[in-house]
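Where a number appears in this text, it was derived from the coordinates with a stated rule and is not lab data. Quick caveat, the model's predicted, so the values are computed rather than measured. For neighbour counting, all protein chains shown are included, and Cβ atoms are generated from backbone atoms with ideal geometry for every residue, glycine included.
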């Protein structure tokens with residue numbers, strides 16, 4: 001399973017949800033203090049992405065403006081400027097735009113047809129063709145696995161924000177609300193129509209900055225099927241944190257588990273040996289807190305830091321069977337069970353054979369292993 005960067009969407013909008021008006025001049029929605037905050041966020045990330053339409057409309061330089069912040073990046077062993085990224089299906093880009101001639105490294109993600117055009121009409125950037133169509137998952141995987149990008153800041157435009165949100169690929173939305181109205185139906189909006197994930201987003205922060213308000217949100221609704229979404233990473237990270245609460249044992253793994261409804265509501269959580277029970281497993285502890293027949297279980301996701309067990313000596317029913325009995329449709333885990341106690345354990349295989357969607361996110365494996373290091377040495 002490929003790994004992706006942490007994706008942070010950043011935008012400023014009017015009270016009626018517009019990114020700009022239709023006049024030739026760019027509508028300034030942020031305050032001076034908020035522009036400085038954005039500069040601070042830019043300095044904290046590994047790459048900044050904007051769409052080709054934003055380059056054409058705004059001709060931005062997309063820089064870290066503070067010399068002190070650039071110096072701090074260099075002192076930390078990073079490039080002076082984050083990698084600058086753009087996306088263009090057509091490859092139709094203005095080689096004279098500011099984007100290419102300021103800052104550090106640049107990269108263009110495009111289609112095979114767009115790459116052909118850029119070979120004829122090059123720009124000062126690396127070019128990566130993603131195939132016949134743009135593929136956001138392939139783009140993010142390339143940034144993470146080939147370019148080493150851990151944190152990606154996306155500054156628009158609205159089409160890109162919409163695509164990343166509807167595909168469940170945004171980890172965080174940083175939204176600044178400006179105290180004005182645009183009211184022009186022809187003006188660009190932050191989000192367009194689409195198949196967004198259900199449920200309420202989780203508020204991370206809200207604070208005034210001069211006359212604007214910053215709101216930071218994170219999605220909570222799990223993904224569907226075997227494709228990961230940003231919220232899956234949040235819930236699996238929580239399961240790994242719960243594993244650290246387990247009383248130590250020489251004869252059993254330390255595991256954390258969270259059960260989450262399709263709308264992002266946490267139904268229950270648990271961890272190994274919770275409540276002083278030396279034999280209880282994490283998934284068992286969590287599922288025991290949910291009423292039998294809860295209709296939300298049928299579309300729920302079980303997050304477990306370790307693959308659910310298929311054999312155990314302490315109780316008659318292993319956790320994979322408990323999940324099947326509960327009726328959960330999806331399981332996300334960080335780590336396949338090693339042969340430490342049971343040879344050939346395959347909880348994922350048992351669940352998948354019964355129609356459960358099973359997803360392993362190996363980027364969390366080391367976190368899941370950490371409270372079990374004494375059993376693995």
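What separates the Cα centres of segment 323-339 and segment 6-51 is a distance of 40 Å.
Each DSSP beta bridge with both residues in segment 6-218 is either parallel or antiparallel, and the antiparallel ones are about 30%. With 0.36 nm allotted per residue and the present C-alpha distance subtracted, the residue 224-residue 124 stretch has 32.1 nm of extension available. Put in line by how crowded their Cβ is, counting other Cβ atoms within 10 Å and starting with the fewest, 253, 35 read 35, 253. Distance from the alpha carbon centroid of segment 184-213 to that of segment 228-295 works out to 32 angstrom.
Build a GNM of the chain with springs between Cα atoms under 10 Å apart, and of 340, 23, 265 the one that fluctuates most is 23. Modelled spin labels at residue 346 and residue 41, positioned 7 Å past Cα toward Cβ, are 4.6 nm from each other. Fully extending the segment from residue 336 to residue 207 would add 42.3 nm, taking 0.36 nm per residue of separation and subtracting the current Cα-Cα distance. What share of the DSSP beta bridges in segment 230-376 is antiparallel, in percent to the nearest 5? That works out to approximately 55 percent antiparallel. Against the chain, whose longest principal axis is taken from its Cα atoms, helix 230-243 shows a tilt of about 40°. Please list, in order, the residues from segment 130-154 whose amide nitrogen is less than 17 Å from a point placed 7 Å along the Cα→Cβ vector of residue 92. Inside the label zone: 134. In terms of surrounding Cβ atoms within a 10 Å radius of their Cβ, 161, 142, 101 rank from fewest to most as 101, 142, 161. Neighbour counting of Cβ atoms within 10 Å sorts the residues 348, 272, fewest neighbours leading, into 348, 272.
Count the DSSP beta bridges whose two residues both fall in the chain, then state the antiparallel fraction as a percent rounded to the nearest 5. Present the calculation step by step, with values, prior to reporting the outcome.
Numbers: 22 of 57 bridges.
The antiparallel proportion sits near 40 percent.
Taking the chain as the reference, fit the longest principal axis to its C-alpha atoms, fit the long axis of helix 32-44 to the helix C-alpha atoms, and give the angle between the two in degrees, 0 to 90, nearest 10. In the chain, helix 32-44 runs at an angle near 60 degrees to the longest axis. Between the helical axis of 136-145 and the longest alpha-carbon principal axis of the chain there is an angle of about 80 degrees.
Per DSSP H run of at least 4 residues, take -39500 (n - 2.57); add these up for the chain, divide by its residues and hand me the 222 nm value, nearest 500 deg cm²/dmol.
Values: 13 runs with 105 residues, N = 377.
After summing the helix terms and dividing by residue count, I get -7500 deg cm²/dmol.
The calculated FRET efficiency for residue 181 paired with residue 291, based on their beta-carbon distance and R0 = 41 Å, is about 0.30.
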